[in-house]
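Below: the structure, in structure tokens.
The values are calculated or read from the model by the stated rules, or taken from the named source; none is laboratory data. From a predicted model like this one, the values you see are computed outputs, not experimental measurements. Cβ placement follows ideal geometry from the backbone for every residue including glycine, while neighbour counts extend to all protein chains displayed.
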């Protein structure tokens, strides 16, 4: 975790340094500028290294920004300043006499009460607004123009929490992340999206493979260069990714997504196209396009930049230390037992209170 | 994909026949290898070093038992009226639960256990279903990850070497700049690599004491050091050696040695084996709202 925190700090430092340097014209193409992406020993654009997409910017644009994809300096100051305050507050010592019931109703990032248990030291969602080519961004999505997902097709409903209606009854009723099957959120993707912590990735390249190691849960995206999509109807975790190089860009096309990891409800006909372009010694421009004609009437797309992480990714051995799942299920069974006990007592009271109940019938 | 696969196979066949035709041209003799092995042929190189990129697997039974062993009805037996019989938990598997024989991969045949450690190993084997980390889908550690029945893929460039294992999606990154001692123990440890000529030497430390060498209960402490030597004998064969040093468990350092083979054609595709969900009934079944009968 120290490594993660350190990584986040370093990434933040890199982003800050980038922001401080004179930004080229906004909206410039990846090829713009003097930077020439290095080639690896195979003659491919070299994307290797450890990268992070930790940022305060989110996939969908908050509505107050309207159709504006860029953020003003004042807005950046406000967003980053509020976050810095949250981090400082979170780092402040907690009075040992405080009980969980005394915890604040709002401790930021959507957490409240006992959920505030995550001190700042345990998370690294990034501390800066995403810059793309130096321009601070209000969202990852750039198309549609409002930076938000297009409306679902008629008859398609946004996925809710209904699949977790039976939480606690069986391990299979818990989220994939709680079961240590994949990350929280959509870290592995594709689309690869940052979340509360562990936003680190390692890219390794051989002649015919690009491997992307996703910190959580040591998932590896194997991208088969020059291959064709499988046609056997099987849908592997994280889908079936093939790739090719276009000039300085690695293009990855993923289909055959499994239902278990649907992207905002889409999986069956989902196609995600990602473009990775090295645009600086410590920057990869990541562009994505999402198409699923059975879910949305139109594609949606967006972009952000990965920045170099300092250091290596530490092992995220999730299942091996998953005491929480056992704890949650045990807790649910304890609740069941308490509820049964209560119902039994209530029934006994009712029986005792009932007049002229025939006695001894149970014994026969 | 089919077309590519055919090209790969064709390329490999061509390379193999080349190496057969020119045995004298072998630049790297496997002098230290204890067995007769084919001489090196045209080995692909990247960054000046042999290129190990590809999908590999062993063809041995070391994951069952690294020591030499005959086939046996089950690793866990109980007394029968005449001879021992498979333990109850394994019985339903029939012949599938039995152990295939193997010549072993331990040099000298036997692991030199301390007396107490030997007793623990034997006890481990008696209770392997409850104790073997593989049964619970835990990360396998090194060296075991390398000789499980499932393959692994090496993704290598001039500066990077990533090992991605099919079993449980385990990964190892080879660090060519030694960062010093591992910050904390982990399941797969910290792998620091260097080149000794054309042999990749990887020193693995920082592993916890939860992993085993095999299903037969062979184990180690959290102080184990593993020094691996990876040598491409020819384009499609690796000689793998691992020296194990762990004074808390063994009376002296010992070595294992085996061959690994490149997967070709359609077999050269690493699959996913996310076994975590496969063990949920085993690990949490009794905590269901309505446990299965």
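Of all positions in region B:152-164, at least one carries a residue that is facing chain A (nearest Cβ under 9 Å), in contact (Cβ under 8 Å) with a residue 12 or more places away in the chain and under 29 Å from residue B:284 (Cβ atoms). Does region A:150-172 contain at least one residue that is in a strand (DSSP E or B), more than 14 Å from every other protein chain (Cβ to nearest Cβ) and touching a strand residue (DSSP E or B) at 6+ places or on another chain (Cβ under 9 Å)? Taking every residue of region A:150-172 in turn, at least one turns out to be in a strand (DSSP E or B), more than 14 Å from every other protein chain (Cβ to nearest Cβ) and touching a strand residue (DSSP E or B) at 6+ places or on another chain (Cβ under 9 Å).
When restricted to residues that are closer than 23 Å to residue B:111 by Cβ and buried (at least 16 other Cβ atoms within 10 Å of the Cβ), region B:74-93 contains 4.
So, of the residues in region A:205-240 that are in contact (Cβ under 8 Å) with a residue 40 or more places away in the chain and under 19 Å from the mean Cα position of the chain (by Cα), which turns out to be nearest to residue B:273 (Cα to Cα)? The extreme case among them is A:237. Per the listing A:38, A:104, A:45, A:24, the residue uniquely surrounded by fewer than 18 Cβ atoms within 10 Å (Cβ to Cβ) and at pLDDT 70 or above is A:38. Of the residues making up region B:240-249, at least one is over 18 Å from residue B:105 (Cα atoms) and surrounded by fewer than 19 Cβ atoms within 10 Å (Cβ to Cβ). The set of residues in region B:170-200 that are within 14 Å of the chain's Cα centre (by Cα) and either part of a strand (DSSP E or B) or more than 10 Å from chain A (Cβ to nearest Cβ) (or both) comprises B:171, B:172. Here the condition is being more than 10 Å from chain B (Cβ to nearest Cβ) and surrounded by fewer than 17 Cβ atoms within 10 Å (Cβ to Cβ); of A:246, A:274, it holds for A:246 alone. Just to be sure, is residue A:177 surrounded by fewer than 19 Cβ atoms within 10 Å (Cβ to Cβ) and under 18 Å from the mean Cα position of the chain (by Cα)? Considered against the rule, which asks whether it is surrounded by fewer than 19 Cβ atoms within 10 Å (Cβ to Cβ) and under 18 Å from the mean Cα position of the chain (by Cα), residue A:177 comes out as yes. Note on region A:250-260: among residues that are in contact (Cβ under 8 Å) with a residue 60 or more places away in the chain and buried (at least 19 other Cβ atoms within 10 Å of the Cβ), the one that is farthest from residue B:173 (Cα to Cα) is A:254. Scanning for something more than 20 Å from residue A:201 (Cα to Cα) and either out of contact with any strand residue (DSSP E or B) (no Cβ under 6 Å at 6 or more places or on another chain) or touching a residue at least 60 places away in the same chain (Cβ under 8 Å) (or both), does region A:300-315 turn up at least one residue? Yes, that holds for at least one residue.
Just to be sure I understand the filter: pairs with C-beta atoms under 7 Å, separated by 6 or more residues or on different chains, first member in region A:75-89 and touching a residue at least 40 places away in the same chain (Cβ under 8 Å), second member assigned to a helix (DSSP H, G or I). Which pairs pass? Within 7 Å, the pairs are A:87/A:120. Of the numbered criteria (1) within 11 Å of chain A (Cβ to nearest Cβ); (2) crowded, with 21+ Cβ neighbours inside 10 Å, the one residue B:269 fails is (2). Residue check: residue A:193 meets all listed conditions (1) in contact with a strand residue (DSSP E or B) (Cβ under 8 Å, 6 or more places away or on another chain); (2) farther than 24 Å from residue B:279 by Cα but one, namely (1). Scanning region A:215-229 for residues that are more than 7 Å from every other protein chain (Cβ to nearest Cβ) and either modelled with pLDDT of 95 or more or part of a strand (DSSP E or B) (or both) gives A:215, A:221, A:223, A:224, A:225, A:229. Here residue B:224 clears all of (1) touching a residue at least 24 places away in the same chain (Cβ under 8 Å); (2) surrounded by fewer than 22 Cβ atoms within 10 Å (Cβ to Cβ) except the condition numbered (2).
The number of residues in region A:308-331 being at the interface with chain B (Cβ under 7 Å from one of its Cβ atoms) and modelled with pLDDT of 95 or more comes to 8. Filtering region A:197-207 to residues that are more than 8 Å from every other protein chain (Cβ to nearest Cβ) and more than 18 Å from residue A:181 (Cβ to Cβ) leaves A:199, A:200, A:201, A:203.
Considering (1) within 14 Å of chain A (Cβ to nearest Cβ); (2) not in a loop (DSSP other than H, G, I, E, B), the lone condition that residue B:203 does not fulfil carries the number (1).
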